[in-house]
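Enquirer: First, the structure itself, so that you have it in front of you.
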Amino acid sequence: MRNAIMGILAIILGVLVIAFPLVGVVAVSFIAGFAVIMLAIWFLIAGVAEMYVDRVVGILTLILGIIALIIGFGLLLNPALFAFLTGIVLYLAGILMIIAGIISLLGGMEVRYRVWGGVLGIILGIIYIILGTFAFNPLYLGFIIGIWLLLIGIFSFFAPSQ
């Protein structure tokens, strides 16, 4: 029952985000920015507390907190930054998946699952790079988020109940 309710909510949200992609990107960027700001506050508090134990670690944690605070406010105030960071992360993930796929193929052609894993890694890496290209544009990123929500909603219907 719970999976069905979550699935319906995800499908409704997915349709809304596809209908209004920029609003979806702004909402996700705002949520991500708020989460990063909360993490930054935790880093700042931990950095101050760590200063009494290890000054170098405390200073580095404070610097990390300041960087996270800047990124958090950037995400909160500028959804284009969210689109840019999403595109970069998708590119990096795609490149790493392609490299892992090639390593898997070179690692053992005699083992069938390695071959399939390598081919799948290369294919998914290429898909990630293509999605990363589209994700730099906030409008396309909204569509990608909406489609992802639709897929999550549909798949949740087939998930076993807990």
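Enquirer: Over the Cα atoms of segment 38-83, each weighted equally, I'd like the Debye log10 I(q)/I(0) at q = 0.14, 0.26, 0.30 Å⁻¹, rounded to two decimals.
Expert: For the requested q values the scattering log ratios are -0.36, -0.78, -0.92.
Enquirer: If you don't mind, there's one more thing I want to ask. For the chain, what is the calculated [θ] at 222 nm in deg cm²/dmol (nearest 500), taking -39500 (n - 2.57) for each run of four or more DSSP H residues and dividing by its residue count?
Expert: Result for the chain, helices only: -31500 deg cm²/dmol.
Enquirer: Give me the distance between the Cα centres of segment 103-140 and segment 5-47, rounded to whole Å.
Expert: Cα centroid to Cα centroid, the span is 27 Å.
Enquirer: Nearest 0.05, what FRET efficiency do Arg112 and Val23 give at R0 = 45 Å with Cβ-Cβ as r?
Expert: Once rounded, the FRET efficiency stands at 0.45.
Enquirer: Next question. What shape does segment 1-96 take by its C-alpha gyration tensor, where a ≥ b ≥ c are the square roots of the eigenvalues and a/c under 1.5 counts as rounded, a/b above b/c as prolate, and the rest as oblate?
Expert: Here segment 1-96 falls in the prolate category.
Enquirer: Treat the chain as a sphere of radius equal to its Kirkwood radius over Cα pairs and apply Stokes-Einstein at 37 °C in a medium of 0.692 mPa s; give the translational diffusion coefficient in µm²/s, rounded to a whole number.
Expert: Roughly 179 µm²/s, to the nearest whole number.
Enquirer: Further, regarding this structure: Let me check I have the definition right: for segment 80-157, take the eigenvalues of the Cα gyration tensor, multiply each by 5, take square roots. What are those semi-axes in whole Å, largest first?
Expert: 28, 17, 7
Enquirer: Which of Phe82, Phe155 comes first, and how do the rest follow, when ranked by fewest Cβ neighbours within 10 Å?
Expert: Ordered by Cβ neighbours within 10 Å, fewest first: Phe155, Phe82.
Enquirer: Oh, and also: Test of understanding: what is the full-extension gain from Phe158 to Ile103, defined as 0.36 nm times their sequence separation minus their Cα-Cα distance?
Expert: Extra length from Phe158 to Ile103 when fully extended: 16.4 nm.
Enquirer: OK, next. Mind sorting Ser156, Ser104, Ser29 by how few other Cβ atoms lie within 10 Å of their own Cβ, fewest first?
Expert: The fewest-first ordering by Cβ neighbours comes to Ser156, Ser104, Ser29.
Since every read-out is calculated from the coordinates, none of them should be taken as a lab result. These numbers come from a predicted model, not from an experiment. We place every Cβ from the backbone using ideal geometry, glycine too, and count neighbours over all the protein chains shown.
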